[in-house]
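The values are calculated or read from the model by the stated rules, or taken from the named source; none is laboratory data. Note that the coordinates shown come from a computational prediction; the quantities given were computed from them, not determined experimentally. Using ideal geometry, Cβ is built from the backbone for each residue, glycine included, and neighbour counts are taken over all protein chains shown. Each accessible area value is taken on the protein alone, full model and side chains, heavy atoms only, with ligands, DNA and RNA left out. Shrake-Rupley method; radii C 1.70, N 1.55, O 1.52, S 1.80 Å.
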Amino acid sequence: MADDQRSATAGRTDLDAALDVLLRFGAAMMHAGDTAFRVRAAMALLARALAIETLAVQVTIGGISATARRGGETATLVREIGPPGIDAQRIVSLEKLAQASRPGLTARELAAALDTLEQARPHYPIVVVAGAIGLASASFSYLNGGDALGIVAAAIAGGARQAVRALLFSRRLNQFAVTAVCAVLTAGLYCA
């Protein structure tokens with residue numbers, strides 16, 4: 001009887017570990033700015049590779065939850081999603097990881113691949129991204145009939161907002177508070 005309990009516990013632990021790393025993967029995709037339906041599809045690919053028989057995933061702006069079944073065992077876990085952003089390179093890397101998965105993948109192998117992706121440095125520094133956002137804001141102002149002063153104000157406000165947003169998120173502040181601060185900053189700079 002003790003051996004049966006140990007094997008059931010080991011199976012449960014393996015399923016929990018597989019589901020935990022699968023949720024980590026899904027949260028990373030959402031954090032990078034991927035869509036919920038693509039996150040579910042990629043998680044389904046990885047679930048098959050991890051020998052998870054059924055997977056039900058619920059995605060919200062702040063979290064991701066999933067229930068998995070393998071054999072007679074069931075596990076349900078929830079994971080918080082960090083503040084959303086857009087990182088196209090990370091999205092591509094994560095999607096390629098899911099598409100390249102093959103049966104026999106272990107939770108440890110997937111965790112190691114995620115560690116490698118998370119340690120990669122961003123392709124562009126904050127200053128370059130803020131400058132690009134500023135140019136995009138100026139372009140939208142121009143396309144919407146803005147005058148020269150409005151175009152310059154949009155460029156400055158948009159670039160400053162992106163720089164402040166990145167700095168505040170790097171300190172792991174609440175995404176809703178950061179959004180409010182950035183909205184007030186952007187509107188104030190534009191009006192000034």
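With the condition kept exactly as written, say whether any residue in the range 16-23 is open to solvent by 20 Å² or more (accessible area, probe 1.4 Å), hydrophobic (A, V, I, L, M, F, W, C), touching a residue at least 12 places away in the same chain (Cβ under 8 Å) and on the phi > 0 side of the Ramachandran plot. Within the range 16-23, none of the residues are open to solvent by 20 Å² or more (accessible area, probe 1.4 Å), hydrophobic (A, V, I, L, M, F, W, C), touching a residue at least 12 places away in the same chain (Cβ under 8 Å) and on the phi > 0 side of the Ramachandran plot. Is it the case that the range 83-100 has a residue that's touching a residue at least 24 places away in the same chain (Cβ under 8 Å), of a type in the set (S, T, N, Q) and over 17 Å from Gly33 (Cβ atoms)? Yes: one or more hits. Against the criterion of being open to solvent by 50 Å² or more (accessible area, probe 1.4 Å) and either touching a Cys at 6+ places or on another chain (Cβ under 8 Å) or touching a residue at least 40 places away in the same chain (Cβ under 8 Å) (or both), Leu167 qualifies. Of all the listed residues (Asp34, Asp4, Asp20), the sole one being modelled with pLDDT under 90 and of a type in the set (D, E, K, R) is Asp4.
Within the range 87-109, the presence of at least one residue that is open to solvent by 50 Å² or more (accessible area, probe 1.4 Å), of a type in the set (Ser, Thr, Tyr) and within 30 Å of Ala17 (Cα to Cα) is confirmed.
Evaluate the range 182-191: report whether one residue or more is in contact with a Pro (Cβ under 9 Å, 6 or more places away or on another chain) and either of a type in the set (Phe, Trp, Tyr) or modelled with pLDDT of 95 or more (or both). Checked against the condition, which is being in contact with a Pro (Cβ under 9 Å, 6 or more places away or on another chain) and either of a type in the set (Phe, Trp, Tyr) or modelled with pLDDT of 95 or more (or both), the range 182-191 yields no hits at all.
Exactly one residue out of Ala148, Ala132, Ala113 is of a type outside the set (Ser, Thr, Tyr), open to solvent by less than 40 Å² (accessible area, probe 1.4 Å) and free of Cβ contacts under 8 Å to residues at least 60 places away in the same chain, and it is Ala113. Aromatic (Phe, Trp, Tyr), more than 18 Å from Leu105 (Cβ to Cβ) and within 19 Å of the chain's Cα centre (by Cα): does that describe Phe25? For Phe25, the condition - aromatic (Phe, Trp, Tyr), more than 18 Å from Leu105 (Cβ to Cβ) and within 19 Å of the chain's Cα centre (by Cα) - is not met.
The condition of being among the hydrophobic types (A, V, I, L, M, F, W, C), under 30 Å from Asp14 (Cα atoms) and out of contact with any Asp or Glu (no Cβ under 9 Å at 6 or more places or on another chain) holds for only one of Leu149, Leu114, Leu143, that being Leu114. Only residues that are more than 17 Å from Asp87 (Cα to Cα), open to solvent by less than 100 Å² (accessible area, probe 1.4 Å) and assigned to a helix (DSSP H, G or I) were counted across the range 135-145, and they come to 4.
Return yes when Ala177 is in a helix (DSSP H, G or I), among the hydrophobic types (A, V, I, L, M, F, W, C) and without any contact (Cβ under 8 Å) to a residue 12 or more places away in the chain and no when it is not. Considered against the rule, which asks whether it is in a helix (DSSP H, G or I), among the hydrophobic types (A, V, I, L, M, F, W, C) and without any contact (Cβ under 8 Å) to a residue 12 or more places away in the chain, Ala177 comes out as yes.
Would a scan of the range 175-192 turn up a residue that is small (Gly, Ala, Ser) and open to solvent by 80 Å² or more (accessible area, probe 1.4 Å)? Yes, some residue in the range 175-192 is small (Gly, Ala, Ser) and open to solvent by 80 Å² or more (accessible area, probe 1.4 Å).
Return the residue satisfying two criteria in turn: it lies in the range 44-71 and is among the aliphatic types (A, V, I, L, M) and under 13 Å from the mean Cα position of the chain (by Cα), and of such residues it is modelled with the highest pLDDT. Step by step, filter the range 44-71, then rank; the result is Ile64.
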